[in-house]
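Participant: Pasting in a structure now, in structure tokens, and then I'll have a few things to ask.
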Amino acid sequence: MIIEASKRDSFVDGIGIIEPLEWVKSKGLLVAKSLVDTENTIYLAIMNLNSKSVKLKQGEQIAHLMTIEQVFDEDNAESQTDSKSNDISEQVN
């Protein structure tokens, strides 16, 4: 299932990574970790691994959204990615 998510107004637009919350995993749900452009609509991919349905309430927090800062080392042509958590949460719309 693909759902549209919302972010807190205080989140600075840019590139972010979505990480599921522990309680979501304990319910047998998978939320795909993904890189997102927070300037656009954010969608979450969710899979239910249970034989029974799991209900999510509208506005329920199911994942964290963390900012990503790309770091380049001029001496090394490879880039490294560093994430900084702003404790921003994704919510079901």
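The values are calculated or read from the model by the stated rules, or taken from the named source; none is laboratory data. Fair warning: this is a prediction, and the values are worked out from it, not measured in the lab. Using ideal geometry, Cβ is built from the backbone for each residue, glycine included, and neighbour counts are taken over all protein chains shown. Note: areas computed on protein heavy atoms with side chains; ligands, DNA, RNA excluded. Shrake-Rupley method; radii C 1.70, N 1.55, O 1.52, S 1.80 Å.
Participant: Between F11 and S26, what is the label-to-label distance in nm when each label sits 7 Å out along the Cα-to-Cβ direction?
Facilitator: So the two model labels end up 2.4 nm from each other.
Participant: Working with all protein chains in place, sort I2, I46, I68 by solvent-accessible area computed with a 1.4 Å probe, largest first.
Facilitator: Most to least solvent-accessible, the answer reads I2, I68, I46.
Participant: Further question: Restricting attention to region 1-68, which trypsin sites (Lys or Arg not before Pro) occupy a DSSP loop and are surrounded by at most 11 other Cβ atoms within 10 Å?
Facilitator: Loop-located and lightly packed - K33, K52, K55, K57.
Participant: Another question, if that's okay. Can you return the lysines within cross-link range of K33? Criterion is Cα-Cα under 18 Å, with same-chain partners fewer than 8 residues away left out.
Facilitator: Straight-distance partners of K33: K7, K25, K84.
Participant: In nm, to one decimal, how far is the modelled label at N40 from the one at E4, with both set 7 Å along Cα→Cβ?
Facilitator: Output for this residue pair reads 1.5 nm.
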